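**Q** Dropping a structure here in structure tokens format, bear with me for questions.
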Amino acid sequence: MIRWRQGILPAARNWNDKMKKILLYVATLLSLQGGLYAQSANDGDVTDLSIVDTLPANSPYNKIWQPYLAILDSNTYVATYGLGLAGKTDMGDIVCSISHDRGKTWGYRVPVFTCGETPYAYANSFFYRDPAQNVLWCFAMRCPKFYRNSEESELVAAYSPDKGRTWWPVPLSVDFHSPIITNASILKVTDQQGAKYLLAVHRNTLASDPGGDRRQFVLESRDLLSWKLAGYIPMPHGKPVFLCEGNMALAENNHDIEIVMRTGDYDHPGQRQLEFPRAYASFSTDDGKTWSVPVAEAALYNTFSKGFFGKDRQGSFVYVFNDGPVGKRTTLRYNVKRKGHDWSASRLFYGEHNRNSYPTLIEETPGRFACVWDSSNDPARARTVIRFGRLTVD
């Protein structure tokens, strides 16, 4: 199927059907020869596709999932991701893979957090690189192995001084007595006391405790080692909504903070989708301490699946998401919001005949992002491949 960029044939809308067919036929021939708009091989706008890692059929792990990406220099890219333990929903080892040619090829697995003979397993790793430090941080969550899933986790960290080749664990002090579920990286802001690091996390204690809850909140730190509660995201007005896996970015005014969150039915998030299935957004004007009441973003579709939300150096926002009903994570699409404009209509990010989820984007150059996400080669089985690609927001 040939898709056209908006504005390729602007006058065709007013011509008769016969002329439209003629123009479409000619344009199709041109596009197939690399003329007007040659469709990318993956039936989406992501280009430069490569495979970071694949789960073999005989692997002792049950899945490979939730990648994150760091760009260390003009050639060195590092991806971190999880290898799931058999019999567990979402916990296992955390590894990374290094590319020395900007994502064309990827090296062997380097262990970051491993279960081994310990009583713990790990999940949901992400990178953070402070421009003031010459190290790469990897944060994740650690959970006792005797749990079925990783809902009762705590925050852990390691750092690499040699671009991901070796990793050293770092003890953290978390002055917040609650399970912590990680998702996205750290946002660095500056207040009257200097630099401050913000981390959006959530908990889901209602999953196993009728007296628990499902809440999104934000932690803060001055040194990346000691963390405490910054503030909670309030519940939307009316019926409760499960807000989770938020991504933060500086708002359009470059001062306030915006968080866009995955949403689900509060009581049955994996079974029912919201009547209006959209991502919710909230704002903070005091560096993450207090947040506005979240509201649904009318243009940002979400059915309880992680979406990426971020901002580039040109001031444009990008949102990547799974389309389809709740529980069906196949095609990935994206929206763009330019400064001073509304969100665009969605476009196809990646849409092969397989399963895809958990995208992460890191800006390479203004308007161009390096991307990783967990994928597969079979529509019947999810999370057997980690893919890399590029998205240009033009």
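The values are calculated or read from the model by the stated rules, or taken from the named source; none is laboratory data. Since we're looking at a predicted model, the values are computed, not measured. Using ideal geometry, Cβ is built from the backbone for each residue, glycine included, and neighbour counts are taken over all protein chains shown.
**Q** List every residue pair whose Cβ atoms sit under 9 Å apart, with the two residues 6 or more apart in sequence or on different chains, where the first one lies in the range 184-212 and is more than 19 Å from Ile233 (Cβ to Cβ) and the second, anywhere, is polar (S, T, N, Q) and outside any loop (DSSP other than H, G, I, E, B).
**A** Correct list of pairs: Gly211/Thr205.
**Q** From Ala140, Ala157, grab the single residue that is in contact with a Ser or Thr (Cβ under 7 Å, 6 or more places away or on another chain) and surrounded by 17 or more Cβ atoms within 10 Å (Cβ to Cβ).
**A** Ala140
**Q** Further question: Find the residue count for the range 257-292, including only residues that are of a type outside the set (A, V, I, L, M, F, W, C), out of contact with any Phe, Trp or Tyr (no Cβ under 7 Å at 6 or more places or on another chain) and closer than 14 Å to Gln216 by Cα.
**A** Qualifying residue count, the range 257-292: 4.
**Q** Sticking with this structure for a sec: In this structure, does Asp394 turn out to be at pLDDT 95 or above, among the acidic types (Asp, Glu) and either part of a strand (DSSP E or B) or over 14 Å from the mean Cα position of the chain (by Cα) (or both)? Steps first, answer last, please.
**A** On the way: at pLDDT 95 or above: no; among the acidic types (Asp, Glu): yes; either part of a strand (DSSP E or B) or over 14 Å from the mean Cα position of the chain (by Cα) (or both): yes.
Judged against the criteria, Asp394 is not a match.
**Q** Do we find that Leu206 is in contact with an Asp or Glu (Cβ under 8 Å, 6 or more places away or on another chain), closer than 27 Å to Gly84 by Cα and either part of a loop (DSSP other than H, G, I, E, B) or of a type in the set (A, V, I, L, M) (or both) in this structure?
**A** yes
**Q** Mind listing whichever residues of the range 69-86 are touching a residue at least 40 places away in the same chain (Cβ under 8 Å), farther than 21 Å from Thr365 by Cβ and surrounded by fewer than 22 Cβ atoms within 10 Å (Cβ to Cβ)?
**A** Passing the criteria: only Leu85.
**Q** Another question about this same structure. Quickly run through the range 290-330 and pick out the residues that are in a strand (DSSP E or B), in contact (Cβ under 8 Å) with a residue 40 or more places away in the chain and within 15 Å of the chain's Cα centre (by Cα).
**A** Within the range 290-330, Leu300, Tyr301, Phe308, Phe309, Gly310, Lys311, Phe317, Val318, Tyr319, Val320, Phe321 meet the criteria.
**Q** Being among the charged types (D, E, K, R) and touching a Leu at 6+ places or on another chain (Cβ under 6 Å) narrows it down to one residue among Lys163, Lys196, Lys188; which is it?
**A** Lys163
**Q** Output the number of residues of the range 260-279 satisfying the condition of being touching a Leu at 6+ places or on another chain (Cβ under 7 Å) and among the polar types (S, T, N, Q).
**A** 1
**Q** Considering only residues that are out of contact with any strand residue (DSSP E or B) (no Cβ under 7 Å at 6 or more places or on another chain) and under 19 Å from Ser173 (Cβ atoms), which ones fall in the range 195-241?
**A** Result: Asp223, single match.
**Q** Quickly run through the range 362-375 and pick out the residues that are outside any strand (DSSP E or B) and crowded, with 24+ Cβ neighbours inside 10 Å.
**A** none
**Q** Determine if the range 105-120 includes at least one residue that is aromatic (Phe, Trp, Tyr), in contact (Cβ under 8 Å) with a residue 12 or more places away in the chain and closer than 13 Å to Val52 by Cβ.
**A** yes
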